Amino acid sequence: WAELDVHMTTKEQGGSTLTVFDAQEKTGETAGENGSAQDEVSQAEETANVQIETHFAQKKAEQLLSRAGANVQQSGECFVSGNLASLTLVWNGTQADGTNGSSTSGLVLDLTTGEAVRLEQLFDDADAAFTAMESIISDSVLSELSDYMEYGDLLPMPTDDYAIDEYGLTVFYPDDRYRYFDEKNGAVQFAWYELAEYIGEDSPVYALAHAEKTKDELEKAVAEG
């Protein structure tokens, strides 16, 4: 079955910093007798790179650098678990629409197909999971919102922009709904244990959600933020 590697590189240009993601077939892949395996790899690679470009507007970011006064500062993260790759891009300065600001967005890819994994695909019952997540926001997040918020419209929770890592799932908000006065957009993080009951064995994040952590590992995670 086709499998991909996702790479993250940093480019410096004229005082700006670009973070570029790209998907490539794993080295050592061999085609079947009729070439079908190689065809699957090529299709998955193309699909993944289209998803990356669509979500992160990498070409647009590079084009902005030719614009007078534009300054793009990007940083990223890439987390891989099993057949999933989770990509996160922090974009400060001149945005894709030409305005100045800050944004953070995430994309989770299936490394066997190159397709984006929708948030609802992680859960056995997505409606029940989303209801639980919104309850957490209502009970534990809204009451703790800082006074340094320009916008704090957290409900309903957006479901089209998220990332995962070893410790949990992060939902990113558009900056016109959740933004600080320093123009940074907000996000809500959920620990895997908060969502585990909605994540069954068929979920691509089952191993993450049901991994047992030792006390030392949890204390280390808390210490690291």
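The values are calculated or read from the model by the stated rules, or taken from the named source; none is laboratory data. Given the structure is predicted, the values throughout are model-derived calculations rather than measurements. Counting neighbours? That spans all protein chains shown, and the Cβs are built from the backbone with ideal geometry, glycine included. The area values use the complete protein model at the heavy-atom level, side chains included, leaving out ligands, DNA and RNA. Shrake-Rupley method; radii C 1.70, N 1.55, O 1.52, S 1.80 Å.
For the range 25-49, which residues satisfy the criterion of being at pLDDT 70 or above and open to solvent by 80 Å² or more (accessible area, probe 1.4 Å)? Matches in the range 25-49: 27, 39, 43, 46.
Would the range 123-135 turn up any residue that is open to solvent by less than 30 Å² (accessible area, probe 1.4 Å), in a loop (DSSP other than H, G, I, E, B) and modelled with pLDDT of 95 or more? Taking every residue of the range 123-135 in turn, at least one turns out to be open to solvent by less than 30 Å² (accessible area, probe 1.4 Å), in a loop (DSSP other than H, G, I, E, B) and modelled with pLDDT of 95 or more. Here residue 120 fits the description: within 25 Å of residue 51 (Cβ to Cβ) and free of Cβ contacts under 8 Å to residues at least 40 places away in the same chain.
For the range 42-62, give me each residue that is of a type in the set (S, T, N, Q) and free of Cβ contacts under 8 Å to residues at least 60 places away in the same chain.
42, 54, 58 - these are the residues of the range 42-62 that are of a type in the set (S, T, N, Q) and free of Cβ contacts under 8 Å to residues at least 60 places away in the same chain.
Quick check, is residue 120 part of a loop (DSSP other than H, G, I, E, B), under 29 Å from residue 218 (Cβ atoms) and under 15 Å from the mean Cα position of the chain (by Cα)? For residue 120, the condition - part of a loop (DSSP other than H, G, I, E, B), under 29 Å from residue 218 (Cβ atoms) and under 15 Å from the mean Cα position of the chain (by Cα) - is not met. Looking across the range 141-184, just one residue is over 21 Å from residue 126 (Cβ atoms), small (Gly, Ala, Ser) and at pLDDT 75 or above, and that is 143.
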